[in-house]
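Written out below as structure tokens is the structure these notes cover.
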Amino acid sequence: MGRHNVAEKTHGPAMPNEPINLRKWLPQSSTQRTGRLFTCGRPGRGTPAYGTNRIPVDDAVIDEWVGGLPLTGPLHIVSLLGRKRDSYSEFGYYPFRSCFGDEESRPSFQKWLNRQYARRFLVHEFPTIDSQGIEFGTMQRILFCVRNLLFKERTVLIVDSAGAERTARVCEQMPSKLAHVEKALIS
């Protein structure tokens, strides 16, 4: 089984499925100059022991999530992680924090990834609220970031809690009318 072939992942119900809902989005026109665009859920969301439970996600699960991501250097992570509707931080699961957080006891998402994975990732954070859509101004900033990265032929991964709602709202707003391709080969 190819480690980066989403179509071949066949885990049993008790096994992790990291990253959950990994999808590749393709422009409808093959003549456009563009990078590659993916979406998925946060680390731990595809592991039954964690899922939506509010418990810390351990490094082994985060490693599994990273191991299932597209192999590219660098991978631009556009994080939509922010808060749940009850104000619970979506960073509360991790040994890292948002770069916008006041808490200094944990490294930022970017610093933690640099330390663990030798600068393989560049994080662009746009905090949002789960299950509340995306505020217009925030959406415009996200779209500007993603469009610029794709124009520069970068590989972009948009992440929210489950890799379904907020990520899809962003991709649906792309002017290139991206077509959703499920279970895509990502290597």
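May I ask you to verify whether Glu64 is under 17 Å from Pro19 (Cα atoms), of a type in the set (Asp, Glu) and buried (at least 20 other Cβ atoms within 10 Å of the Cβ)?
Judged against the criteria, Glu64 is not a match.
Can you tell me which of (1) of a type in the set (Ser, Thr, Tyr); (2) closer than 20 Å to Leu37 by Cα; (3) touching a Gly at 6+ places or on another chain (Cβ under 8 Å) is the one Ser79 doesn't meet?
Only one criterion in (1) of a type in the set (Ser, Thr, Tyr); (2) closer than 20 Å to Leu37 by Cα; (3) touching a Gly at 6+ places or on another chain (Cβ under 8 Å) is unmet by Ser79, namely (3).
What helices (runs of 4 or more DSSP H) completely inside segment 100-181 contain at least 3 residues that are within 17 Å of Pro19 (Cβ to Cβ) and not aliphatic (A, V, I, L, M)? Spell out how you get there, then give the answer.
Values: elements: 109-117, 136-151, 165-172.
Fully inside segment 100-181 and qualifying: 109-117, 165-172.
Within segment 71-86, restricting attention to residues that are out of contact with any strand residue (DSSP E or B) (no Cβ under 6 Å at 6 or more places or on another chain) and surrounded by fewer than 18 Cβ atoms within 10 Å (Cβ to Cβ), which residue is nearest to Val123 (Cα to Cα)?
Within segment 71-86, the match that is nearest to Val123 (Cα to Cα) is Gly73.
No lab work stands behind these numbers, since they all come straight from the coordinates. Quick caveat: nothing in here was measured; it's all calculated off a predicted structure. Ideal geometry is used to build each Cβ from the backbone, glycine not excepted, and the neighbour counts take in all protein chains shown.
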